[in-house]
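Comments concern the structure below.
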Amino acid sequence: MRTVLDLSLQRGERISLFLLAAILPTLLIFVAFSLSPASEEVAGFPISPMPLLVAQAGALLMMSAVTFWIGRWRGGTGSFANSIITLSWLQIVMVAAQVAFLVLELALPFVAAIVGILALMLMLWLVVNFVAELHGFQSLGLVFVGVIGTLFVLSFVLAFLSSILLGI
């Protein structure tokens, strides 16, 4: 992650990285749903690439902001631009794991569950290390606690907001 941050990407390059990080998973999700004949809609909504892309980009931007704000609140030194680069790069790295999982799910579904768990563990390890590198934190243990705590609080906030806005 330090190598990527040290590239000093220009604004256009950062935007391209962000867009790639939103487009690749969107395409992968769309392909995965397209391969399953029973999944033409999710929760009553038809699956379409554009709304999926908007949701993916919005989630990536929101998580970049949360990573920046909470990291700075805890004494980190990362910038918002570098937060976007960090989470975009994480997303692109995880696309490779998602492709492997998709292929495995089609070929060996019983192995895919184990690989899925390993991919989640890899993602958590990468998040902790990438956030530590972004903000200059020395303690991976404290970053891990911060990531888990943030996910816990965000899930409650999002559940609360969805219950108010969507009546769920």
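What do you reckon, how do Phe33, Phe160 stack up by accessible area (1.4 Å probe), largest on top?
Largest accessible area first, the residues go Phe160, Phe33.
Place +1 on the Cβ of every Lys and Arg and -1 on the Cβ of every Asp and Glu in the stretch 1-137, take the dipole about the Cα centre, and give the residue among Leu35, Gly58, Pro25 whose Cα lies farthest towards its positive end.
Checking the options against the dipole of the stretch 1-137, the answer is Gly58.
Of the candidates Gln91, Gln138, Gln56, which one comes out as most mobile in a Gaussian network treatment of the chain with C-alpha springs shorter than 10 Å?
Sorting by GNM fluctuation, first place goes to Gln138.
Which residue fluctuates most in the GNM of the chain (Cα springs below 10 Å): Gly76, Gly12, Gly136?
Gly12
In what order, largest first, do Leu158, Leu134 sit by accessible area if the probe radius is 1.4 Å?
My answer, sorted largest first, is Leu158, Leu134.
Relative to the Cα centre, what is the charge dipole magnitude of the chain, using +1 at the beta carbon of each Lys and Arg, -1 at the beta carbon of each Asp and Glu, and rounding to the nearest 20 debye?
460 debye
Give the relative contact order (percent, whole number) for the chain; include only Cα pairs under 8 Å separated by 6+ residues.
Taking the mean separation of contacting Cα pairs over the length of the chain, I get 25 percent.
In Å and whole numbers, how far do the C-alpha atoms of the stretch 42-107 stretch along each principal axis, longest first?
That works out to 45, 28, 16 Å along the principal axes.
Does anyone have the angle between helix 80-107 and the longest principal axis of the chain? Alpha-carbon axes, 0 to 90°, nearest 10?
30 degrees
Taking log10 I(q)/I(0) by the Debye sum over Cα atoms at q = 0.10 Å⁻¹ straight from the coordinates, which label in (1) -0.51; (2) -0.37; (3) -0.44 is the correct one?
(3)
Rounded to the nearest 500, what is the chain's calculated 222 nm mean residue ellipticity when only DSSP H runs of at least 4 contribute -39500 (n - 2.57) each, over all residues?
Result for the chain, helices only: -28500 deg cm²/dmol.
For the chain, modelled as a GNM with alpha-carbon contacts under 10 angstrom, which of Val99, Val127, Val153 fluctuates the most?
Of Val99, Val127, Val153, the Gaussian network model singles out Val153 as fluctuating most.
The values are calculated or read from the model by the stated rules, or taken from the named source; none is laboratory data. Given the structure is predicted, the values throughout are model-derived calculations rather than measurements. Virtual Cβ from ideal backbone geometry, glycine too; neighbours counted across all protein chains shown. The area values use the complete protein model at the heavy-atom level, side chains included, leaving out ligands, DNA and RNA. Shrake-Rupley method; radii C 1.70, N 1.55, O 1.52, S 1.80 Å.
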